[in-house]
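> Here it is, the structure in full.
Taken together, the values in this text are just the output of simple stated rules run on the coordinates, not laboratory data. As the structure is a prediction and not an experimental result, all values here were calculated from the model. Don't worry about glycine lacking a Cβ; one is built from the backbone with ideal geometry, like all the others, and counts go over all protein chains shown.
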Amino acid sequence: MSGDKKTSILLVEDEENLHEALKLNLELEGYEVTSAFDGAAALKAVSNEYFDLIILDVMLPEMDGITVTETIRLSNNDVPVLILSAKNSSADRVLGLKKGADDYLTKPFNLEELLLRVYKLINKNKKLQDKTTLGDHYEFGNNQVDFKAQEATSFNGEKIQLSKKETMLLKLLIENKNEVVPREKILQSVWGYNVYPTTRTIDNFILNFRKYFEEDSRNPRYFHSVRGVGYKYSE
Ligand code: CA
């Protein structure tokens, strides 16, 4: 796990021994764990605080985990939910997924499997968030981009008018920052299915981006081409 803020998990489980064991293991993995022992406490915590993930037992006193999941989703909260269901209750699992849970584990489960699923759910969600939080404006280094106006201001104060395709490619690369975007995906998203520019065309766009935004365009910091694979924006 990296980043400044610890990844936070709400653990909702009424069996105390299991609760403590899970909490300890999640904390050892570097997560910050908030405890709830019933559905009402879980909902209260969710309404007061941001969580990266909820681990939710189905069999809880009074309000069950499925109702908790449904209530969370009805309030338009997309937090990933991993439900823990009792053995032989496939009806619970199906209902839980229908009501908006993202994944489930059947008790008794393997701890490593739980940690793996937790990790996957959290990362999947973080990637989605990174993508959706990219608004009209973006800043990197001393460069500024306005996707909507198709304009940019470079590190040296120069105003740049971006073409529509430049804007689209820039946005696509930044949305997938630190990941290689395959050439096929770029062609599909920026040029559409019917037109096939050569690799050279994309290379020229990348050269332009370096001219606009790199202080040393021969040693690019942000815009990289990965030979034979695609292109990457890194920060
Ligand atoms: Ca229980």
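> In debye to the nearest 20, how big a dipole does the stretch 1-86 give about its Cα centre with +1 on each Lys and Arg Cβ and -1 on each Asp and Glu Cβ? Spell out each step's value before the answer.
On the way: 5 positive and 17 negative charges, 64 e Å.
For this selection, approximately 300 debye.
> Based on the Cα atoms of the stretch 1-139, what semi-axes does the equivalent ellipsoid have, where each is the square root of 5 times one gyration tensor eigenvalue, given in whole Å with the largest first? Display every interim value, and only then the final one.
Details: eigenvalues 117, 62, 42 Å².
Whole-Å semi-axes of the equivalent ellipsoid: 24, 18, 14.
> Now, a different point. Please give the charge dipole size of the stretch 137-233, origin at the Cα centre, charges +1 on K and R Cβ atoms and -1 on D and E Cβ atoms. Round to the nearest 20 debye.
Details: 15 positive and 12 negative charges, 62 e Å.
Here the size comes out at about 300 debye.
> Separate question: Bin width 10 Å, origin at 0, all Cα-Cα pairs of the stretch 100-231: what percent of pairs per bin?
11, 35, 28, 14, 10, 3, 0
> Where nothing but the Cβ of Lys and Arg (+1) and of Asp and Glu (-1) is charged, how large is the charge dipole of the chain around its Cα centre, in debye to the nearest 20? Walk me through the numbers on the way to the answer.
On the way: 31 positive and 37 negative charges, 306 e Å.
In total the dipole reaches around 1460 debye.
> For ILE83, which sequence-distant residues (separation of 5 or more, or a different chain) have an amide H within less than 5 Å of its own amide H, given hydrogens modelled in the peptide plane?
LEU56, ASP102, ASP103, TYR104, LEU105
> Another question, then. At 222 nm, what value in deg cm²/dmol follows for the chain if DSSP H runs of at least 4 each add -39500 (n - 2.57) and the sum is divided by all its residues, to the nearest 500?
Details: 8 runs with 95 residues, N = 235.
The helix-only estimate for the chain comes to -12500 deg cm²/dmol at 222 nm.
> In the structure displayed, which of LYS6/LYS211; LYS126/LYS185; LYS5/LYS211 lie more than 31 Å apart, Cα to Cα? Present the calculation step by step, with values, prior to reporting the outcome.
On the way: LYS6/LYS211 37 Å; LYS126/LYS185 21 Å; LYS5/LYS211 35 Å.
Exceeds cut-off: LYS6/LYS211; LYS5/LYS211.
> A further question on this structure: Per q in 0.11 Å⁻¹, report the Debye log10 I(q)/I(0) for the stretch 1-82, using one uniform scatterer on each alpha carbon and no solvent.
The calculated log intensity ratios at q = 0.11 Å⁻¹ are -0.26.
> Under the Kirkwood approximation for Rh and a Cα-based Rg, what ratio Rg/Rh is obtained for the chain? Let's see the in-between values first.
Numbers: Rg = 22.7 Å, Rh = 20.5 Å.
When Rh is taken as the Kirkwood radius, the ratio is 1.11.
> Something else: Would you work out which of PHE155, GLY192, ALA101 lies farthest towards the positive end of the dipole of the stretch 101-235, given +1 charges on the beta-carbon of Lys and Arg and -1 on that of Asp and Glu, about the Cα centre?
Highest projection toward the positive end goes to GLY192.
> Let me ask something additional. If I take every Cα pair under 8 Å that is 6 or more residues apart in the stretch 8-130, average their sequence separation and divide by the length, what percent do I get for the relative contact order?
On the way: 185 pairs, mean separation 26.9, N = 123.
This gives 22 percent for the stretch 8-130.
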